[in-house]
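See below for the structure under consideration.
Just so you know, all these numbers are worked out from the coordinates, no wet-lab data involved. Every value quoted in this text rests on a predicted model; they were computed, and no experiment measured them. Don't worry about glycine lacking a Cβ; one is built from the backbone with ideal geometry, like all the others, and counts go over all protein chains shown.
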Amino acid sequence: MRGMSLSPDDPLLLRIVDDLAERGWSQQNLFLTPDLTRELALECRTRAVQGELAPAAVGRGATQEVREGIRGDHIQWIEPGQAASCDRYLELMDSLRQALNRGLFLGLEEFECHFALYPPGAFYRKHVDRFRDDDKRMVSAVIYLNDAWQPEHGGQLRMFPKNAPEFDVPPLGGCLVVFMSGDMPHEVLPACHERLSLTGWFRRRGNEPFEL
Ligand code: OGA
Ligand code: MN
């Protein structure tokens, strides 16, 4: 059961570490329990109804701007202590962080994450998660919160691995996708239904780059 925290040497986490070492990405369809998936989806929808989600921006620092022709999702960053479901998610991600550090020596010290809601028709054009001027993002982790997702709903995550053909991941509730932030281009295809996810990045620590 993955409603609670996992030991960093849980076989599920070791499989993710092995996948990343071998090919740079991992997909685990049954990562979250149905209960935790439902609670997180409810938390995301509640925040959306309360107007807490805002159109996501592209870029960082002074060059950040909202561009719906590039990405149309609405997001809210998550902090510890806001909701029991979010805290359980953060605990799971911390176990994964420790497993990644033990297995891959990545020196990951921080995790940043947000809810994302793609309204019908929204998409996120092909991109890489690591910023050009800030290489602290090492590993990306996306979890889907959609109930009864159907292929005709669209919204697949399309991945473009360097040495393998591109492939699509359907945003099925409870599924976790992990990949190296620096070298896995990917995009989110338009969905005809509201599409919910949790997206996070494991980061190395470093001084914030000087911002003008
Ligand atoms: C992102 C992203 C993928 C997804 O937020 O950077 O690429 O499937 N999300 O939601
Ligand atoms: Mn991305």
- Exposure proxy check: Ile70, Ile143 ranked by fewest other beta carbons within 10 Å? Ile70, Ile143
- Note on the structure: Mean-square fluctuation maximum in Gaussian network of the chain, Cα pairs under 10 Å, restricted to Gly173, Gly61, Gly155, hits Gly61
- Looking only at Asp147, Asp73, Asp133, which one moves most when the chain is put into a Gaussian network model with springs between Cα atoms under 10 Å? Asp133
- Using a ≥ b ≥ c from the Cα gyration tensor of the range 1-141 (square roots of the eigenvalues), is it rounded, prolate or oblate, where a/c under 1.5 gives rounded and otherwise the larger of a/b and b/c decides, a/b for prolate? oblate
- Note on the structure: Distance in Å, no decimals, from the C-alpha centre of the range 146-212 to the one of the range 31-67 is 14 Å
- Item | Candidates per chymotrypsin sites (Phe, Trp or Tyr not before Pro) in the range 74-127, loop by DSSP, up to 11 other Cβ within 10 Å | Phe105
- How long is the gain from Arg45 to Ala62 if the chain were fully straight, where each residue apart is worth 0.36 nm and the alpha carbon distance is subtracted? 3.1 nm
- Message: Running a GNM on the chain with Cα contacts under 10 Å, which residue among Ser181, Ser140, Ser95 ends up with the highest mean-square fluctuation?
- Response: Ser95
- 222 nm mean residue ellipticity, helices alone, for the chain (DSSP H n ≥ 4; -39,500 (n - 2.57); rounded to 500): -8000 deg cm²/dmol
- Counting other Cβ atoms within 10 Å, which trypsin sites (Lys or Arg not before Pro) in the range 125-212 have at most 15 and lie in a DSSP loop? Arg132, Lys162, Arg205
